[in-house]
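Notes follow once the structure below has been shown.
Read-outs throughout are calculated quantities, based only on the coordinates presented, and are distinct from any laboratory measurement. Quantities reported herein were computed from a predicted structural model and do not represent experimental measurements. Please note: Cβ atoms are built from the backbone with ideal geometry, for glycine as well, and neighbour counts cover all protein chains shown.
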Amino acid sequence: MDSKEYSWKFLSASELLSRVACDLVYAVQVMKVVDAAAFTDFYNGESILDNVIVILPGSLLLAEFNPKEPVYCRRGLYVNVTGAIDGVFVLWRERSSIEG
């Protein structure tokens with residue numbers, strides 16, 4: 001894959017990153033202060049009503065999601081940031097209509 005096929009964003013609030021099928025490649029959540037009530041969760045879809053992919057806990061100053069293979073998100077990718085999260089870096093790749 002050519003790097004220009006990937007998208008990335010550093011979030012500080014919840015956001016819909018993709019409305020189409022995509023691959024979640026990597027994510028890292030950073031915090032200045034541990035907050036067990038804070039977390040970032042990722043959804044296969046366009047909202048928190050869809051299926052959860054992974055939850056990064058606020059009990060760590062640095063929480064990383066680095067799967068061996070990208071995670072296929074058939075219905076899009078929504079990131080929900082809750083609590084005192086300073087930021088979340090997300091790397092993903094939207095799929096073409098041919099890939100599905």
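Sum up the charges of everything whose Cβ sits under 14 Å from the Cβ of L77, counting Lys and Arg as +1 and Asp and Glu as -1, but leave L77 out. Walk me through the intermediate numbers first.
Working: positive: K9, R19, R74, R75, R93, R95; negative: E15, D23, D41, E46, D50, E94.
My count for the surroundings of L77 gives 0.
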**Request:** Set the Förster distance to 22 Å, then compute FRET efficiency between K4 and F89 from the Cβ-Cβ distance, nearest 0.05.
**Result:** 0.75
**Request:** Specify the longest stretch of the chain that does not include any exposed loop site, a site being one of the GluC sites (Glu not before Pro) with a non-H, G, I, E, B DSSP assignment and at most 16 other Cβ atoms within 10 Å.
**Result:** 47-98
**Complete:** When all Cα-Cα pair distances of segment 60-100 are considered, the percent exceeding 12 Å is 71 percent
**Request:** Using a cut-off of 11 Å between beta-carbons, work out the net charge of the residues near D86 (Lys and Arg +1, Asp and Glu -1, D86 not included).
**Result:** 0
**Asked** For the chain, what does the alpha-carbon gyration tensor say about shape, rounded, prolate or oblate, given a ≥ b ≥ c as the root eigenvalues, a/c under 1.5 as rounded, and a/b over b/c as prolate?
**Response** prolate
**Asked** In nm, to one decimal, how far is the D35 label point from the L61 one, both placed 7 Å along Cα→Cβ?
**Response** 1.7 nm
**Fill in**
Scoring segment 9-81 by relative contact order with C-alpha pairs under 8 Å, at least six apart, yields a percentage of 48 percent
